[in-house]
Structures are given as structure tokens and as C-alpha cells.
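The structure appears below as C-alpha cells.
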Amino acid sequence: MTRAGSPAEPAVESLARFQDSFWRHLWTEPDNDLTRLGSAAAQPGFAVYRNTVLKGCADALLSLYPSVHRLTGDAWMQAVALDAVCADPPSGGDLQHYGERFPAFLDSALAGSELPWLAEVARLDRFWSESHVAADAPVLDVVTIARLDPERLAASCLVPHPATRWRWSADWPAFSLWDAARSRAVDPNPPHWHGQGSLLTRPSDAVLALEIAASECALLDACANGASLGEALDSVQARFPDFDPGAALGRLLNQGAFSGAMEIPS
């Protein structure tokens, strides 16, 4: 056992400094002044290692955002993925969950460009990944709902399933663009450029995707915020006069959007 104050302590500190320097230089744009770099980063092989790491991270983004990749092409996606990796390096070696901030990176990088909707497509790619690996849970179905006492149901909160993801895109047909790219449609252009809502669920083994209305997104928001079903339906009805509570609730239940009904203490 090494005692406090032993010669091993400086060695540990030296290793920590080396690792910190090595990590920082991996994500620093190299220049011709190698004298500024640490001894490891100044070695000729370091550039090869750095490029290999960067490419591996960029390839992870390409695989995690297939719809964005398909809509933009190889050259564009690879270049932007490298920029995103340098701006937001991974925090560990598990790249399966990497790239959470890539949609926000696209929001900033594409501001004022001809692709302002691309970040919304990226968010749906991210939703698919999150839904795919989310925890399993029971699924609340229409039959179970029908058996509940109406007053008790209205006073209960419908709990979104752990794999449920939803988003309302007010300005762009994000769902149509994402779905066309995901299904490799010949022409990904939607017939109409208007806002769309998206719902991704995984009631069993496969992730399901459905276009939903703004009112249905609002209903999911209210349920996620802990409102009782009665309060949630009333608030959505007040905002959307054409809202059909029965039809909307049936669509969400059929997609496996909820895991159960939780009674709210009075």
C-alpha cells in the first residue's frame, strides 16, 4: 500500500496532467507551432490518432442522425459532423448516446441559412434513438381505460410511457421530412409546408412514429406536467375549439403513449 506523502503521489498528479493535456489537444485545432503543445501532442503520430478519434465521433453522429444525413448528403454531413464534434466532444467512450446537443448545434450553425428546418429533423432522429433504448414499461390501452370509473379517470393523471417522445414544430413539416428520409422515399419534399406534430412511441419491440396535431401535443404536455385528465382535456379544449377529446385520446392510447393512470391525492 502506498502511504500519503510517498513518491507515488507526484506520479499520479503527473499522469492526471498528461491525460488532461492529451484530452484538450485532441479537440484543439492544430497549427504549425508544435512548440506550444505538450510532448505527446507534438509527436508526429498524434495527428493520426487525433484524426482517427474525430472521424470515429463524426461517424457516430452520421449513424445517430440518418435522416439528416440522407437529406444533406455525405460531404455536407461529414463536414458538419466534424465541426459539431470539435464544438461538443464526447464525455466518454460510449458513443451510442453521444450527440444529444447536435440539434442545438444545427440551430446555431444554420441560422439564416436555407436549411432552418434541419434541426427539427435532427430532433426526431434523436427522439427515435431515445425511444429505442428507453426503459420497458406496461402500456395503457383503450380496453383498460374503458373499464375505469369515469369520475376516477377524470381525476387521474395519465403517465407518459418512458419511450414516448413528442414535439410540435410550428413552422416546418418536420415529421414529413423526417419520415420520408427515414423511409428512403424517392422525393422527401412534403406536399405542404406547414407546422406538424410528431409522436414516437415503443409499446413493444419497434419504435412507432405518427404525425399528431398541436392539440395532441398540448394534451401530452399537460399529462407530463401532472395535470389530471379532466383538467388536461379542459385546458386543451379551451385552446383548440375543434379539439375532439375522444378521438385524440384514442389515437394516443393506440400508439402506446401512456404507461398507466395515476390517482392524484385529493
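The values are calculated or read from the model by the stated rules, or taken from the named source; none is laboratory data. Values in this document were obtained by computation on a predicted structure and should not be read as measured data. Ideal geometry is used to build each Cβ from the backbone, glycine not excepted, and the neighbour counts take in all protein chains shown.
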Checklist entry - Could you give every pair whose Cβ atoms fall below 9 Å, whose first residue belongs to region 181-208 and is of a type in the set (Val, Ile, Thr), and whose second residue is surrounded by fewer than 16 Cβ atoms within 10 Å (Cβ to Cβ), counting only separations of at least 6 or pairs across chains? => result Val207/His132
Checklist entry - Quick check, is Ala209 small (Gly, Ala, Ser), part of a loop (DSSP other than H, G, I, E, B) and surrounded by 15 or more Cβ atoms within 10 Å (Cβ to Cβ)? => result no
Checklist entry - Restricting attention to region 125-139, does a residue exist that is closer than 18 Å to Gly73 by Cα and either β-branched (Val, Ile, Thr) or without any contact (Cβ under 8 Å) to a residue 40 or more places away in the chain (or both)? => result no
Checklist outcome for this item: Arg101 meets each of (1) surrounded by fewer than 19 Cβ atoms within 10 Å (Cβ to Cβ); (2) in the same structural domain as Trp172 (by TED's automatic domain parsing) with one exception, condition (2)
Next on the checklist: I'm trying to understand the selection: among the residues of region 157-194, which are over 19 Å from the mean Cα position of the chain (by Cα) and assigned to a helix (DSSP H, G or I)?
Outcome noted: none
Checklist entry - If you scan region 118-156, which residues turn out to be crowded, with 18+ Cβ neighbours inside 10 Å, in a helix (DSSP H, G or I) and of a type in the set (S, T, N, Q)? => result Ser129, Ser131
Checklist entry - Here are Ser176, Ser113, Ser169, Ser108: which of them is surrounded by 22 or more Cβ atoms within 10 Å (Cβ to Cβ) and farther than 16 Å from Ala257 by Cβ? => result Ser169
